[in-house]
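Colleague: Right, I'll just put the structure down here and ask away after.
The values are calculated or read from the model by the stated rules, or taken from the named source; none is laboratory data. Everything numeric here is computed off the predicted structure, so don't read it as measured data. Neighbour counts are summed over all protein chains in view; Cβ atoms, including those assigned to glycine, are modelled from backbone coordinates with ideal geometry. Accessible surface is based on the protein model in full, side chains and every heavy atom, while ligands, DNA and RNA are left aside. Shrake-Rupley method; radii C 1.70, N 1.55, O 1.52, S 1.80 Å.
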Amino acid sequence: MKTKALELYVHIPFCISKCKYCDFCSFQASEELICRYMEKLTEELRQWALKLGHPGVSTVFVGGGTPSSVKKEHIERLCHVIFEEFLVSDDAEITIEANPGTVNPDKLLSYRKSGINRISFGLQTTIPEELSYLGRIHTYEEFYQGFQWAREAGFENINVDLMSAIPKQTIRSYEESLRKTAGLGPEHISAYSLIIEEGTPFYEDKYLEADLPSEDEEVRMYQMTGEILSEYGYQQYEVSNYAKKGYESHHNLGYWSAVPYLGVGLNASSYLEGKRFDHPSDMKEYLLTEDFCKVLETAPVLSVKEQMEEFMFLGLRKTQGVSKEAFGQQFSCTMASVYKDVINQSVKSGYMEETEAFLRLTKEGILISNQVLCEFLLSDETL
């Protein structure tokens, strides 16, 4: 069985400490458990490589958790197996997520030698009080040191994550974080608003709401992001992502363009052969799994209706919007034949704009994107 080139996501769920807002599959672990997990991870990679015919890979993303919190030898071994079992493109974008305070010059040099060419730092804010409220374990100074070490190690493609609408944050403090970060010149900045997720300490905090910025302030922060980052040479290419020319994240663009991807590791998601499926989130269950590829055989293929909805939901995250030509090629019908009324109403309301080739959200539409995108849900009678 041979499959087309795909993207590869590898989940390493381990963290030194869990942040107050985090609902990702992440936790502290002993070195013994980390070793067992990493061994199982390589076993899974080999199974999938054999199953899919050692396919080509265009991007690799090692996420978490905090992959940089584990020993460098684990990452070296992981990269070795990936390059050994998959046909990784010569120009592949290979990213690792890192938290400040968990990297050092030796680790960063090791990552580069292992083939990793992009690093994503989870900074969130440069303000000490805000870092403390979020439950972050690092200081801005530790981030700055790690950023400089990454440059010295040869990383020419660095992303920094920033967060807005967090407790005690003001318009002024957010602007300081934006300018201080952009002034360092990372190639890419992901800037997104805090979402209070069920099951997190923030969700359980009944006093939290009083410390959050108002809705108007949150909107202003979002608007400021594009305005300020454009001053530093960044272009917005997706709802929450900004990059210098040529440094857009290939991996994330693949997600939003429905490129097939394989997710390995605890709780990882995949999109292969028109099917979406997830791995178990329970560590014991994952470690006892013998046949990781079995899920591909049992997962249902997405219906045409579901594929159309995803095409619109994901594609409209990009500032370029969705391609009418691509829609026609994939579904053998025009976008207008399916969504004419929704498109006309959204354009009339000022939330979308239409060109000959693309349909995209306007700046006003992005602010209420969830509401606008819900209009693209199809009834069973539509098709």
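Colleague: Magnitude of the Cβ-charge dipole of the chain, K/R +1 and D/E -1, about the Cα centre, nearest 20 debye?
Modeller: 760 debye
Colleague: Can you tell me what share of the DSSP beta bridges in the range 107-266 is antiparallel? A percent to the nearest 5 is fine.
Modeller: Antiparallel bridges make up about 35 percent of those DSSP assigns within the range 107-266.
Colleague: In sequence order, what are the phi-derived ³J(HN,Hα) couplings for the range 75-80 according to the Karplus relation 6.51 cos²θ - 1.76 cosθ + 1.60 with θ = phi - 60°, rounded to whole Hz, with x for glycine and proline?
Modeller: Values, residue by residue: 6, 4, 5, 4, 5, 4 Hz.
Colleague: Same structure again: If you put +1 on each Lys and Arg Cβ and -1 on each Asp and Glu Cβ, how big is the dipole of the range 215-368 around its Cα centre, in Debye rounded to 20?
Modeller: Once rounded to the nearest 20, the dipole reads 400 debye.
Colleague: Follow-up. Please report the relative contact order for the chain, taking Cα pairs under 8 Å with a sequence separation of at least 6, and give it as a percent rounded to a whole number.
Modeller: With pairs under 8 Å counted, the relative contact order is 15 percent.
Colleague: With a 1.4 Å probe and every protein chain kept in, tell me what percent of the accessible surface of the range 73-144 is carbon plus sulfur.
Modeller: Of all accessible area on the range 73-144, carbon and sulfur atoms account for 49 percent.
Colleague: Straight-line reach from Lys206: which aspartates and glutamates fall under 16 Å, measuring Cα to Cα and dropping same-chain residues less than 8 apart?
Modeller: Glu197, Glu198
Colleague: In addition: With a ≥ b ≥ c the root eigenvalues of the C-alpha gyration tensor of the range 189-280, is it rounded (a/c under 1.5), prolate (a/b larger than b/c) or oblate?
Modeller: Oblate.
Colleague: Once Lys and Arg get +1 and Asp and Glu get -1 on their Cβ, which of Ala153, Ile366, Ala182 lies farthest toward the positive end of the dipole of the chain?
Modeller: Of Ala153, Ile366, Ala182, it is Ala153.
Colleague: For the ranges 144-151, 365-372, 198-205, what's the packing order if you count other beta-carbon atoms within 10 Å of each residue, average per peptide, and put the highest first?
Modeller: Output ranking for 144-151, 365-372, 198-205: 144-151, 365-372, 198-205.
Colleague: Now for a separate question. Need the list of lysines near Lys324 for cross-linking: C-alpha distance under 20 angstrom, and skip anything on the same chain fewer than eight residues off.
Modeller: Lys305, Lys340, Lys348
Colleague: Considering amide H positions built from the backbone, and no H for Pro or chain starts, which residues 5 or more places from Thr66, or on another chain, come under 5 Å of its amide H?
Modeller: When sequence neighbours closer than 5 places are left aside, the close amide H contacts are Phe14, Cys15.
Colleague: Also: Relative to the Cα centre, what is the charge dipole magnitude of the range 59-119, using +1 at the beta carbon of each Lys and Arg, -1 at the beta carbon of each Asp and Glu, and rounding to the nearest 20 debye?
Modeller: It works out to roughly 300 debye.
Colleague: Per DSSP H run of at least 4 residues, take -39500 (n - 2.57); add these up for the chain, divide by its residues and hand me the 222 nm value, nearest 500 deg cm²/dmol.
Modeller: After summing the helix terms and dividing by the residues of the chain, the value is -12500 deg cm²/dmol.
Colleague: Kindly flag which residue pairs out of Lys71/Lys245; Lys18/Lys275; Lys18/Lys72; Lys18/Lys113 have an alpha-carbon separation exceeding 23 Å in this structure.
Modeller: Violating the 23 Å Cα-Cα cut-off are Lys71/Lys245; Lys18/Lys275; Lys18/Lys113.
Colleague: A further question follows. Between rounded, prolate and oblate, where does the range 227-383 land on the alpha carbon gyration tensor, with a ≥ b ≥ c its root eigenvalues, rounded for a/c under 1.5, else prolate if a/b exceeds b/c?
Modeller: Here the range 227-383 falls in the oblate category.
Colleague: Further question: Between Tyr111, Thr42, Thr125, whose Cα lies farthest towards the positive end of the dipole of the range 42-165 when Lys and Arg beta carbons carry +1 and Asp and Glu beta carbons carry -1, centred on the Cα centre?
Modeller: Final value for the positive-end residue is Thr42.
Colleague: List the GluC sites (Glu not before Pro) within the range 322-383 that fall in a DSSP loop (any state other than H, G, I, E or B) and whose Cβ has at most 16 other Cβ atoms within 10 Å.
Modeller: Those that pass, being in a loop and sparsely packed, are Glu356, Glu375, Glu381.
Colleague: For the chain, with the dipole built from +1 on Lys and Arg beta-carbon atoms and -1 on Asp and Glu ones, taken about the Cα centre, which of Ser58, Ile171, Val347 lies farthest toward the positive end?
Modeller: Checking the options against the dipole of the chain, the answer is Ser58.
Colleague: Something else: Give me the 1.4 Å probe accessible area per residue for the range 29-147, excluding ligands and nucleic acids, in Å².
Modeller: It amounts to 38 Å² per residue over the range 29-147.
Colleague: Same structure again: With each label point set 7 Å from Cα along the Cα-Cβ vector, what nm distance links Leu33 and Leu87?
Modeller: Calculated label separation equals 3.9 nm.
Colleague: Glu297 versus Ser379, label points 7 Å from Cα toward the beta carbon: distance in nm?
Modeller: Between Glu297 and Ser379, the simple spin-label model gives 4.1 nm.
Colleague: Classify the range 161-203: rounded, prolate or oblate, from the alpha-carbon gyration tensor (a ≥ b ≥ c, eigenvalue square roots; a/c under 1.5 rounded; otherwise prolate if a/b is larger than b/c)?
Modeller: It is oblate, given that a/c is not under 1.5 and a/b is not larger than b/c.
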